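**Q** If you scroll down you'll find the structure; I have some questions about it.
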Amino acid sequence: MSGGAASAPKPLPSSGPKSLREMPHPLATSSSEEMGPALTPSPDLLLPRSIADKDLSLPNGTPVDTSSPASSSSLLNRLQLDDDLDVETRDLFVTVDDPKKHVCTMETYITYRVTTKTTRAEFDLPEYSVRRRYQDFDWLRNKLEESQPTHLIPPLPEKFVVKGVVDRFSEEFVETRRKALDKFLKRITDHPVLSFNEHFNVFLTAKDLNAYKKQGMALLSKMGESVKYVTGGYKLRSRPLEFAAIGDYLDTFSLKLGTIDRIAQRIIKEQLEYLVELREYGPVYSTWGGLEVELSEPLEGVSACIGNCCTALEELSEDMTEDFLPVLREYILYAESMKNVLKKRDQVQAEYEAKLEAVALKREDRPKVPTDVEKCQDRVECFNADLKADMERWQNNKRQDFRQLLMGMADKNIQYYEKVCVTVEAQAGIRVVYFPLKW
Amino acid sequence: MWCGRRGDKVSSLCLVWLVLHESLFSSSEKMEDCLAKKMEITVSEAEKRTGRNAMNIQETYTAYLIETRAVESQIEGQCAPVESLWRRYSEFELLRNYLSVTYPHIVVPPLPEKRADFVWHKLSADNMDPDFVERRRIGLENFLLRVASHPVLCQDKIFYAFLMQEGGWKEMVNETGFQLKADSRLKALNATFRVKNPDKRFTELKHYSDELQSVISHLLRVRARVADRLYGVYKVHGNYGRVFSEWSAIEKEMGDGLQSAGHHMDVYAASIDDILEEEEHYADQLKEYLFYAEALRAVCRKHELMQYDLEMAAQDLTSKKQQCEELATGTVRTFSLKGMTSKLFGQETPEQREAKIKVLEEQIREGEEQLKSKNLEGRDFVKSAWADIERFKEQKNHDLKEALISYAVMQISMCKKGIQVWTNAKECFSKM
C-alpha cells in the first residue's frame, strides 16, 4: 500500500512527494479535484475491507516485513499524526558528489561520494559517507525493481557510452552523470515507500557493498526463487480506463520528448556550425584593421567583439548539451520503465481474472472465494493503488522538473544574448534604448 | 553618407535611439557648391520592361525612375515641380564610363553590382528578383547622390543631362568622343610593368586598394556563410513551436504554458528574416567600398600611364639629343643601324648631315616642349588626384565608421529581440 511519508516537505525542484494536505487518503474513494478523469478508480476494483485483514505479501511472494514503518498500521498512524506537521520535517537527506577516478590493474573507474544525513530510526547513525560507483547504483535500481515491482522506480543515466565518441572520464561527462545519480537518489529519498527499502538503506550505509550483494544473491538462489518477477503470460480482458489512459499518455509523452531531443540536438549542431563560420569571420576584421589607420581601432573592436560572441555561444551549446539533453533522456527512460510497470500490472490483473474465471467454471457453490484467488485480488488492488499514487507523484514532479528545465533553457538563451549585447555595446561605445512610441 | 530609403520599416512599437556617439554628429562631406545641395535626387521606382535591343532581339530589362526637384524654391514655401525620367542600368554604366575617362584624376563613385554576388542561400542571384532590384535601386540612387555631391563631378554637363534630359542623351555622350580618350587596357598594363619612377604614394595606394579589395571580398564571403548558418539556427527553433503544441494536447496543467511558449518559438524563428534583410544593407555598404577600391586603382593606373609616357618621352628626347650630338661631332658612341649602313655604304655628305641635324634639332625642340607640358600635366594630375584621394579617404573613414556602428546597432537590436522572445517564453514556462 502506498501512503504518506513520515514528513511532507514542500514540493522540491527535483522531486518530492506531494504535501499530505494535497495527497488523497489511500482509503478514500473517488477522486479529489487533483485527479483528472484518467485517474478515476475503475469500477472493477474492489476496495479492501480493511488493511489489517490483508495478507500483504508482495506479488513475487516475498513476505513484507510488517515491523517496518512501511507496514499498514504504522503507516496509517503516520498519516493521521503527520497531518499537522510542518512541511520542513524531512528526516532523510542524500547527496552525491566528489567524483574520483580510480586506476586499478584490471580497470579504471569513477566513484562518487554518497552522503546521508538522517534522523530515521531505521539508520543506526545520523550520518554516513560511502563511496559508490555506477555499478552499485545499477544494482540498487535492479533490487528496487525486484522488491518494489508495484512502484515506479526512477531512471538511471544511460549505462553504456560509446567508447571513442564520449570520453567517460571527461569533466563534463562525469559531472553530468553525477547530477543524474544525485537526482536518482533524491527521487528515491522523497518516495514514501522506496526510501524505506532495505536495499536502499544498505546502499547508503554499508562499508562493503559487494559483500552484501553476494549475500543477497546466495539467499535468493537458496530460496529457489528466480530474481526476476515472472509473469504467467495471461491475457488481459479489459484494461481499466485509467491505466489505458496512462499507457497512451506515456506513449505520446515519450514520442514528444524524443522529438524535442532531436530538435535540441539539431539546434546545437547548427549553433556549432555557426560558430565555425564566426571563428573565421572575426579575424578578417582584424586583418582589415591592419590595413587601415583611422579605422584600425573600430575594426579591431569588431574582431574582438565577434571573439566574445564565439565564447558566449560555446557556453550556450555546452550548457544545452550538459544540462538540457540529459534530463530529457532521463525522462524518456523513466517513461519506458513506467510502461513496463504498467505491463506487469496488466499481468497481475490478468492472472486474477483467469483464476477467477477458472473458479466460476467449476460451478461449485462455495460461500467463500478460494484463498489464492483472494490473494490475486489483493495483489491487483495493491498494485493499482501503488501505481495510482506513484503516477500522481510522478506527474507533479514531472511538471516541476520540466518547468525548471525549460525555464533553464530560456535563461541560458537570455544570458547568451545579454552577453553579446554587453560586448557589442562596449565595443561600439553606444547604448540602445527602446521605448514605445505613442501616436 | 548612405541614403537608404527602402520603404523605411519603422516598427510601430519601437524606435531605436542612438546615444553617445560623436561620429554620427560629425559630417565630413564638404558639399558647399554641389548639385546635391541645390537639387533633390531620388531613384524612386523600378519597372520591368521589354524591348528590342541593339541587335533587334527581344529582351527584358529593368528601368529606373529618376526624380529631381530643385531645392531652392522649396525654401520660399513653394513646391518645385518634380521632373522625372527613366534610365536603365546600361545607361548608368555609360555615364560612369564617361566620367572615368573624362576625369581620370577623380575617384569616381562605383555603381552597384551588375549581378548579385556574395549571396547566401536564401537570397536569389537572379537579376530580376524583386529584392535584388530593390537593393539595386537604392545603390543607383546612392551613386547619383555621390556624383551630385562631388565638387568636380557635379558640374559636369553630361551628368546634368543624364538627370534632366531623357531623349538624345546617349548621342550627346557619344558626341563627346570620350571613347577615343580612353586608354587601352593593354597600354595601361604595359605601363604598370615598365614604369620606372612612379610617385611612391601611388604605388602604396595601389597596394592598399589591392589589399582592400581582397579583404572586403573575403569578409563578404564569410559574412554570407555566417548569415546562412544563423538562419538555420533560428529556423530550427520553429520546430519547438509545433512539438510544444502537440505535447500540450496531452497535458493538463502544463498545457497552456507549453502552447503559448510554442507560439513564442514560432515568433523567434520568423524574426530572422527581417534581421538578415537589414544586414544586407550593411553588406551593400561594404560592397560599395569594395568597388571603390577598383576606382582607386584606376587613378593609380592613370598616374602610372602618364608617368610611363613621360619617361618614354624623356628617353626619346635623350636619344635624339645623343643622335644629334653624334652627327655633329662625327663620333659614334652608340650603335645604330643607320650608322652601320652609312659606314658600310659610304659616308653621308656634309649637306645630308646638316639636314639631318636640323630635323633632329626641330624634333628636339618639339620634344622639349612636349616634355615640359607632359611634366606639367603629370604634376597637375598628381596634385589634383591626390587632393581627391584625400577627400575620398575622409569620406571612406566616415562612411565605414558609420557602417560599423549601424552594424553594431543591428546586432544589439537582434539581441534585444532575442531577449524579449526568450523572456516571454520563460514566463510561459513558469506558468506550467
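No value in this document is a laboratory result; all are computed from the given coordinates. Not measured: the values here are computed from a predicted model. For neighbour counting, all protein chains shown are included, and Cβ atoms are generated from backbone atoms with ideal geometry for every residue, glycine included.
**Q** Suppose R0 equals 30 Å. What FRET efficiency, 1/(1 + (r/R0)^6) with r the Cβ-Cβ distance, do A:Leu325 and B:Ser214 give to the nearest 0.05?
**A** 0.10
**Q** So what are the ³J(HN,Hα) numbers for the stretch B:284-291, from phi and the Karplus equation (6.51, -1.76, 1.60; θ = phi - 60°), rounded to whole Hz, Gly and Pro as x?
**A** 3J(HN,Hα) across the stretch B:284-291, in whole Hz: 5, 5, 5, 4, 4, 6, 4, 6.
**Q** Across the stretch A:385-392, in residue order, what do the Karplus-derived ³J(HN,Hα) couplings come to in whole Hz, using 6.51 cos²θ - 1.76 cosθ + 1.60 with θ = phi - 60° and x for Gly and Pro?
**A** Computed from phi, the couplings for the stretch A:385-392 are 5, 4, 4, 4, 4, 5, 4, 4 Hz.
**Q** Moving on to the next point. So how do A:Phe402, B:Phe178, B:Phe429 line up by other beta-carbon neighbours within 10 Å, fewest first?
**A** Ascending Cβ contact count within 10 Å gives the list B:Phe178, A:Phe402, B:Phe429.
**Q** Something else: Over all Cα pairs of the stretch A:245-301, how is the pair count split among 10 Å bins, expressed in % and running from 0 up to the last occupied bin?
**A** Cα pair-distance distribution for the stretch A:245-301, in percent: 21, 22, 17, 15, 12, 9, 4, 0.
**Q** Can you pull the one-decimal nm distance between simple spin-label points at B:His207 and A:Leu125, each 7 Å off the Cα toward Cβ?
**A** In this crude label model, B:His207 to A:Leu125 measures out at 7.7 nm.
**Q** Then there is this: Run the quick spin-label model on B:Leu376 and A:Gln415: label points 7 Å from Cα toward the beta carbon, then report their separation in nm to one decimal.
**A** It works out to 7.5 nm between the two label points.
**Q** Among B:Val119, A:Val103, what is the fewest-to-most ranking by other Cβ atoms within 10 Å?
**A** Ordered by Cβ neighbours within 10 Å, fewest first: A:Val103, B:Val119.
**Q** I've got another one for you. Check B:Arg88: other-chain or 5+ apart residues with amide H under 5 Å from its amide H, H built from backbone geometry?
**A** Sorted by chain and number, the residues that satisfy this are B:Tyr64.
**Q** Find the percent of Cα-Cα distances in the stretch B:216-273 that exceed 12 Å, and round it to a whole number.
**A** 67
**Q** Mind jotting down a quarter of the surface of the convex hull over the alpha carbons of the stretch A:261-417, in square nanometres, one decimal?
**A** 12.2
**Q** Something else: Tell me which residues come under 5 Å, amide H to amide H, from A:Arg133 once H is placed; ignore anything under 5 positions away on its chain.
**A** Correct list: A:Tyr112.
**Q** Moving to a separate point now. Taking the stretch A:82-152 on its own, what percent of its Cα-Cα pair distances exceed 20 Å?
**A** 53
**Q** Additional query: Hey, what's the Cα Rg ratio for the stretch B:180-330 versus the globular rule of thumb, 2.2 N^0.38 Å?
**A** That ratio works out to 2.13.
**Q** If you take the beta carbon distance between B:Glu325 and A:Glu273 as r and set R0 to 56 Å, what does 1/(1 + (r/R0)^6) give as a FRET efficiency, to the nearest 0.05?
**A** 0.15
**Q** Using r as the Cβ-Cβ distance of B:Val133 and B:Asp183, and R0 as 45 Å, what FRET efficiency do you calculate, to the nearest 0.05?
**A** After rounding to 0.05, the efficiency reads 0.85.
**Q** As a footprinting exposure proxy, order B:Trp422, B:Trp120, B:Trp86 by other Cβ within 10 Å, with the fewest listed first.
**A** Taking fewest neighbouring Cβ atoms as first place, the list is B:Trp86, B:Trp120, B:Trp422.
**Q** With the cut-off at 24 Å, tell me which of the pairs A:Lys100/A:Lys179; B:Lys321/B:Lys372; B:Lys37/B:Lys396; A:Lys269/B:Lys417; B:Lys200/B:Lys374; B:Lys48/B:Lys401 have Cα atoms farther apart than that.
**A** B:Lys48/B:Lys401
**Q** With a point put 7 Å past each Cα toward its Cβ, work out how far A:Ala206 is from A:His102 in nm, to one decimal.
**A** That separation, rounded to one decimal, is 1.4 nm.
**Q** Using θ = phi - 60° and the Karplus relation 6.51 cos²θ - 1.76 cosθ + 1.60, list the HN-Hα couplings for the stretch B:210-223 in order, rounded to whole Hz, with x at every Gly or Pro.
**A** Values, residue by residue: 5, 5, 4, 4, 5, 6, 5, 4, 4, 4, 5, 5, 5, 4 Hz.
**Q** Hey, what's the per residue convex hull volume over the C-alpha atoms of chain B, in cubic angstrom?
**A** Expressed per residue, the convex hull around the Cα atoms of chain B is 228 Å³.
**Q** Under the rule of -39500 (n - 2.57) per DSSP H run of 4 or more residues, summed and divided by the residues of chain B, what mean residue ellipticity at 222 nm is obtained, to the nearest 500 deg cm²/dmol?
**A** Estimated from H runs of four or more residues: -23500 deg cm²/dmol.
**Q** Would you work out the Kirkwood radius for the stretch A:111-160? I mean one over the mean of 1/r across all pairs of different Cα atoms, in Å.
**A** 12.7
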